[in-house]
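For reference, the structure is listed below as structure tokens.
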Amino acid sequence: SASNNVSSPLSPINDKSSEESLCDDKHYFKKVLKEEYTEIIGGILKDTHDTPRYEASGVIYDASRDSYWVVFDSLYAIAKLNSDLMRNDKNVLVVSHDNHIN
């Protein structure tokens, strides 16, 4: 979070040192986020627990783990995704033992 001075790899640029807006900057395309690829969460997780869909409602970057935590509207579970967002064993769906996955 900004209050903790933690920067995420996906943090937007907010350069307040300049009086011109970011959109007017001649280097705009070098400073803004660009999509590198698109992947669905089910494609990033190796063990999907036969979950039919993922309705993500929030994402937060955890710098201490270099991971993203994803909260879902459709599940009693959260996902921990490695920051490279590639399919691997580090990406897990954290399921509560008190609740069912679906």
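The values are calculated or read from the model by the stated rules, or taken from the named source; none is laboratory data. Quantities reported herein were computed from a predicted structural model and do not represent experimental measurements. Positions of Cβ are backbone-derived with ideal geometry, glycine not excepted, and every protein chain shown enters the neighbour counts. When the accessible area is computed, the model is the full protein with side chains, heavy atoms only, and any ligands, DNA or RNA have been set aside. Shrake-Rupley method; radii C 1.70, N 1.55, O 1.52, S 1.80 Å.
I need the full set of residues from the range 55-68 which are assigned to a strand (DSSP E or B) and hydroxyl-bearing (Ser, Thr, Tyr), in order please.
Result: SER57, TYR61, SER67, TYR68.
Could you say which residue among VAL94, VAL71 is exposed (fewer than 15 other Cβ atoms within 10 Å of the Cβ), part of a strand (DSSP E or B) and at pLDDT below 90?
Checking each option against the conditions leaves just VAL94.
So is TYR37 over 15 Å from LEU93 (Cα atoms) and part of a loop (DSSP other than H, G, I, E, B) or not?
yes
Looking only at the range 37-56, count every residue that is without any contact (Cβ under 8 Å) to a residue 24 or more places away in the chain and either open to solvent by less than 30 Å² (accessible area, probe 1.4 Å) or within 11 Å of the chain's Cα centre (by Cα) (or both) and tell me the total.
Matching residues across the range 37-56 total 2.
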